[in-house]
Amino acid sequence: MKSLFLRIFLSFWMALALFVVLAILVTLVLRPRSSTWEALRTTTMNDAVTAYEEGSEAQLRKYMDGFEASQHMRAYLFDERGNEISGRGAPDWAMRVASGGPRNPRDGFIIPAPPVQRDSRASSDGKHRYTLVLGLPPGPRVFFGPRGLPVPLLIIAILSSGLVCYFLSWYLTKPIVRLRAATRQLTAGDLTARSGAPPTNRRDEVAGLMRDFDAMAERLEMLVKAQSRLLNDISHELRSPLARLNVALGLARQRAGVESADMLDRIELEASRLNELIGRILTLARLEDGEQRVPQTPVPLGELVANVAEDAEFEAQERHCHVHRTIPAGEWGVRGNDSLLHSAVENVVRNAIRYTAEGSSVEIVLAREQRSGGMEAVLRVSDFGPGVPEDSLGKLFEPFYRLDDARGRLTGGVGLGLAITERAVRFHGGKVSAFNRAEGGLMVEIRLPLIARVAAAKEPERSDVVPSGREA
């Protein structure tokens, strides 16, 4: 049983129900024994005969009604001819007992008639003989009557205890459910998530845990925002000296001779890399801060992927590789920022080109898939490289994470491309993940929600499959 609510609810309910049943059983065990029955029978017999002889049938009926109301038992007084002399009418089981029949006749197949008591005595003048029959009413109240298990009270006790246990379980588990929801939001990157701690008048452990969680989440939000602001400020401050460096580099080229060209080219390359790094850091900082707003404008994802693949083909030729793309024809509209989505897709494709085996290819496949939330566009980028250790797959989208520092320096990567991709895709309501392929290499999968009217359109049969960057 995985639900804490059900565990608490059923545990409390079973405990209360067991307590009620045990209490009733103890009551039954301690109820009056046969000696008490006999004393009650004798007293009732004498009182009933006296009421009849000194009064009348009406006086006897009044006494019998009062006896049944106080003792919760049935009592009938018969004469020697078998007539019930109080005039109330006697049931079959009482008449059978009065005539000397079996004491415990079965009233039904499952539920027997109650135990009965029979007594007989002569009238004061000795001319008549009276027979008294005592017993509980027949039927289900045998086991569940005042001297058995009280079924209505038992049902009410079990239902009311179940209701109390339900609200108690709800009261105990509701804060945990809210805390779990806030934890999921925080895990998904929503630093504003709070559990909504109850008022200070609730001081139990769960309420304290919720308040501690909210304090932790607030502290995390403050630290992450401070880190992001620091990166943003540093990046802006680095832009100014970098711009002056580029100006000085241009002046140096005008004055330097041919022998300095290689060194100046190296300086320009490193400055360009530094400028690109600062740009990526600024983009990442804006995404983390939430400053980057995602506009709700349609973006043709199919065209965007085709353009990225075409541009990547030129970069792939340096490693004797090719880019193959498969884009089914039709509308591929998603809502978002064209530049941001272009950067997200480009980072994945360029990363695949860097690490695929030399002379191999990079496969780009765009497809549609139906999910519970609607139709999604699924972009899969696969390479034929060495792949990634399984325990490192989840870290690929962390900022500045590199599997191998030496390989990162060789390829020029600093570990920001996939981090930007993950945040850009998440800000567009999508998801990105990485998998090792069975045939070797890494596959990065990007899922983005399609626009409703595009998702509802029928997908055409024709596909745009372009190898090696050639146009369809």
### Message
Calculate the FRET efficiency for GLU310 and LEU6 from the Cβ-Cβ distance with a Förster distance of 56 Å, rounded to the nearest 0.05.
### Response
0.50
### Message
Using the basic label-point model (7 angstrom from Cα toward the beta carbon), what is the TYR166 to ASP391 distance in nanometres?
### Response
4.9
#### Entry: Gain in span if fully extended, LEU209 to GLN71, counting 0.36 nm per residue against the direct Cα distance
44.1 nm
#### Entry: Cα→Cβ-extended label distance, 7 Å offset, between THR192 and MET216, nm
2.2
#### Entry: All aspartates and glutamates inside 17 Å of LYS62 as judged from Cα atoms, apart from same-chain residues fewer than 8 positions distant
ASP47, GLU53, GLU54, GLU84
### Query
For segment 166-231, what percent of Cα pairs sit more than 19 Å apart?
38
### Task
May I ask you to derive the FRET efficiency for GLU259 and ASP233 from their Cβ-Cβ distance with R0 = 45 Å, giving the value to the nearest 0.05?
0.65
### Query
At what distance in nm do the modelled label points of VAL224 and ARG202 sit from each other, each positioned 7 Å from its Cα along Cα→Cβ?
2.6
### Calculated over segment 264-395: convex hull of Cα atoms, volume per residue (Å³)
159
### Task
Return the long-range amide H neighbours of ALA357 (sequence gap of 5 or more, or a different chain), with a cut-off of under 5 Å between placed amide H atoms.
PHE384, GLY385
### Query
Where the centre of each part is set by its Cα atoms, how far does segment 309-363 sit from segment 222-283, in angstrom?
27
### Task
Find, among the GluC sites (Glu not before Pro) in segment 338-410, those assigned to loop by DSSP (not H, G, I, E, B) with at most 13 other beta-carbon atoms within 10 angstrom.
GLU358
### Query
Probe 1.4 Å, all protein chains in place: accessible area of LYS395 in Å², nearest 10?
90
### Message
List residues of segment 309-340, by number, whose backbone nitrogen lies under 16 Å from a label position 7 Å along Cα→C-beta of VAL378.
### Response
326-328
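The values are calculated or read from the model by the stated rules, or taken from the named source; none is laboratory data. None of these values were measured; they are calculated from a predicted model. Glycine gets a Cβ as well: all are built from the backbone with ideal geometry, and neighbour counts include every protein chain shown. Accessible surface is based on the protein model in full, side chains and every heavy atom, while ligands, DNA and RNA are left aside. Shrake-Rupley method; radii C 1.70, N 1.55, O 1.52, S 1.80 Å.
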